[in-house]
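Asker: Let me give you the structure first, and then I'll get to my questions.
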Amino acid sequence: MSKTILITGGAGFIGSHVVRLFVTKYPDYNIVNLDKLTYAGNLENLSDIDKLPNYTFEKGDIADEAFIDSLFAKYSFDGVVHLAAESHVDRSIKDPMAFIMANVFGTVNLLNAAKKYWANNFEGKRFYHISTDEVYGALEETGFFYEDTPYDPKSPYSASKASSDHFVRAYMNTYKLPVVISNCSNNYGPNQFPEKLLPLAINNIKNNKPIPIYGKGENIRDWLYVVDHARAIDLIYHKAETGKTYNIGGHNEWTNIDLIRLLCKVMDKKLGREEGTSEKLITYVTDRAGHDLRYAIDASLIEKELGWLPSVTFEQGMEITVDWYLNNEQWLDRIVSGAYSEYYNNMYK
Ligand code: NAD
Ligand code: TYD
């Protein structure tokens with residue numbers, strides 16, 4: 001059945017994989033990608049699909065009330081898949097207000113537009129909010145985040161995402177807006193902006209620059225290949241009961257230092273360097289303020305109820321990712337030569 005779906009943040013890392021999946025898998029859907037094209041948005045991420053007839057790009061800010069209203073008036077959206085956000089913890093520590101504007105204000109603005117334009121008929125409508133496991137706070141060495149784990153966000157980023165999650169649920173409770181939410185662990189894969197750990201390390205190894213590891217490198221993250229996140233989003237959008245929340249994760253926990261050592265091995269092999277060469281670039285630097293020790297998702301609910309499982313192993317995902325960055329040097333070089341270099345020099349001085 002034909003549908004018109006608004007995907008926000010589709011020029012970013014995860015959003016571009018979601019747009020590609022929806023546009024190619026559902027040729028009878030009209031996919032509208034709304035993105036402000038902040039430093040993290042890059043239309044090059046979609047150059048392979050942007051000529052397809054069921055894809056439209058709209059540049060704009062989710063926090064711009066008049067613009068969002070006009071967009072909902074222009075298209076009769078059946079659904080919203082909302083990914084647009086400020087997404088980097090370190091930036092949120094430097095400038096929390098930008099995160100409140102995009103993540104909280106922007107989300108409420110979208111909720112208001114959906115409520116206004118769908119008010120007389122929620123039938124067949126869906127507002128899907130994409131969130132993070134960071135809303136649950138930090139774990140010690142054991143235990144997992146479940147869908148009913150109490151919220152305990154600890155960084156300005158996770159506080160803004162937690163706030164947006166609360167608003168989404170409040171709009172369902174108060175106005176009956178048909179919502180679903182998912183909270184995912186750390187993603188990796190092609191097109192990730194090189195401020196995040198893995199692409200930053202890949203770029204630095206390639207250029208023989210120090211790999212900055214915060215603190216002792218003992219913090220633990222649960223890594224999921226981005227295409228598997230996009231597959232989960234597709235499944236949840238189409239199959240989840242209204243009001244449900246699903247956690248998405250890779251059952252794939254790594255301390256930062258072990259993860260980077262593994263990456264160094266893969267990079268040595270790919271670059272034809274002697275084993276051990278890249279590891280010498282590892283440099284311990286001042287820890288992130290309030291650095292969450294461990295995130296780990298229990299993803300058994302989405303596995304049991306929707307039959308989702310990751311499709312690639314971590315070894316496969318890492319190979320694909322490293323190959324992608326090495327084969328797409330222009331993509332990386334264009335980013336690191338721009339405003340990113342100013343950010344980098346400021347952040348890692
Ligand atoms: P990203 O930073 O790569 O992309 C964000 C996109 O949103 C960019 O294209 C940017 O231009 C756009 N954007 C930002 N502010 C906007 C605004 N005000 N109006 C319109 N567009 C705006 O982020 P990502 O890593 O792809 O994350 C996407 C979503 O997934 C976010 O909501 C994030 O919280 C969530 N998430 C990310 C991860 C992860 O590991 N990266 C894990 C779980 C959840
Ligand atoms: P990041 O990719 O920023 O994701 P998040 O903070 O959302 O988990 O960081 C992943 C982990 O890597 C996190 O524990 C912080 C750490 N890290 C470093 O050690 N050095 C770096 O330069 C960066 C960017 C992150």
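Asker: Based on the mean of other beta carbon atoms within 10 Å per residue, what is the order of 194-206, 116-128, most packed first?
Answerer: Output ranking for 194-206, 116-128: 194-206, 116-128.
Asker: Could I ask something else about it? Take PHE13, PHE167 and sort them by solvent-accessible surface of the protein heavy atoms, 1.4 Å probe, largest at the top.
Answerer: PHE167, PHE13
Asker: Separate question: Semi-axes of the equivalent ellipsoid of the range 31-155: what are they in whole Å, largest first, if each equals the square root of 5 times a C-alpha gyration tensor eigenvalue?
Answerer: In descending order the semi-axes read 28, 19, 16 Å.
Asker: Ok, one more. Could you grab the relative contact order for the chain? Cα pairs under 8 Å, six or more apart, rounded to a whole percent.
Answerer: Value for the chain: 17 percent.
Asker: Considering amide H positions built from the backbone, and no H for Pro or chain starts, which residues 5 or more places from ILE7, or on another chain, come under 5 Å of its amide H?
Answerer: When sequence neighbours closer than 5 places are left aside, the close amide H contacts are VAL32, ASN33, LEU34, VAL81.
Asker: Quick check: pseudo-label points 7 Å beyond the Cα along Cα→Cβ at LEU52 and ALA289, how many nm apart are they?
Answerer: Each label point lies 7 Å from its Cα, and together they span 4.3 nm.
Asker: Probe of 1.4 angstrom, ligands and nucleic acids ignored: what's the accessible area per residue over the range 130-267, in square angstrom?
Answerer: On the way: 4780 Å² over 138 residues.
Computed with neighbouring chains in place, this is 35 Å² per residue.
Asker: Further question on the same structure: With a 1.4 Å probe and all protein chains in place, put LYS3, LYS25 in order of accessible area, largest first.
Answerer: LYS25, LYS3
Asker: Mean residue ellipticity at 222 nm from the helices of the chain, using -39,500 (n - 2.57) per DSSP H segment of n ≥ 4 over the full residue count, to the nearest 500 deg cm²/dmol? Could you put the intermediate results ahead of the total?
Answerer: Numbers: 13 runs with 144 residues, N = 349.
Value at 222 nm, helices only, nearest 500: -12500 deg cm²/dmol.
Asker: Taking a ≥ b ≥ c as the square roots of the Cα gyration tensor eigenvalues, with a/c under 1.5 meaning rounded and otherwise prolate when a/b beats b/c, else oblate, which class fits the range 26-78?
Answerer: It is oblate, given that a/c is not under 1.5 and a/b is not larger than b/c.
Asker: Hey, another quick one. What is the Cα centroid distance between the range 156-178 and the range 76-113, reported in whole angstrom?
Answerer: Result: 11 Å between the Cα centres.
Asker: While we're here: Sticking with the crude label model, points 7 Å out along Cα→Cβ, report the distance from LYS265 to GLU279 in nm, one decimal please.
Answerer: Each label point is offset 7 Å from its Cα along the Cβ direction, giving 0.9 nm.
Asker: Can you list residues whose amide H is under 5 Å from THR132's amide H, if they're 5+ apart or on another chain and H is modeled 1.01 Å from N?
Answerer: Here the answer is CYS184, since their amide H atoms fall under 5 Å of that of THR132.
Asker: Compute a Gaussian network model of the chain, connecting alpha carbons closer than 10 Å, and tell me which residue from ALA84, ALA98, ALA159 fluctuates the most.
Answerer: Of ALA84, ALA98, ALA159, the Gaussian network model singles out ALA98 as fluctuating most.
Asker: OK, next. What FRET efficiency comes out for GLU218 versus TYR151 if R0 is 25 angstrom and r is the Cβ-Cβ distance? Round to the nearest 0.05.
Answerer: Once the sixth-power term is evaluated, E becomes 0.55.
Asker: Between the range 295-311 and the range 4-29, what's the alpha-carbon centroid distance in Å?
Answerer: That distance is 22 Å.
Asker: Between SER164, SER300, SER47, where does the largest GNM mean-square fluctuation fall for the chain, given springs only between Cα atoms within less than 10 Å?
Answerer: SER47
Asker: Still on this structure, I have one more. Between LYS59 and GLU342, what length comes free when the chain is fully extended (0.36 nm per residue of separation minus the Cα-Cα distance, one decimal in nm)? Mind dumping the intermediate values first?
Answerer: Values: separation 283, 0.36 × 283 = 101.88 nm, distance 2.48 nm.
Length gained, LYS59 through GLU342: 99.4 nm.
The values are calculated or read from the model by the stated rules, or taken from the named source; none is laboratory data. What you see is a predicted model; the values in this text were computed from it and never measured. Cβ atoms come from the backbone with ideal geometry, glycine included; neighbour counts cover every protein chain shown. In case anyone asks, the SASA skips ligands and DNA or RNA and just uses the protein heavy atoms, side chains included. Shrake-Rupley method; radii C 1.70, N 1.55, O 1.52, S 1.80 Å.
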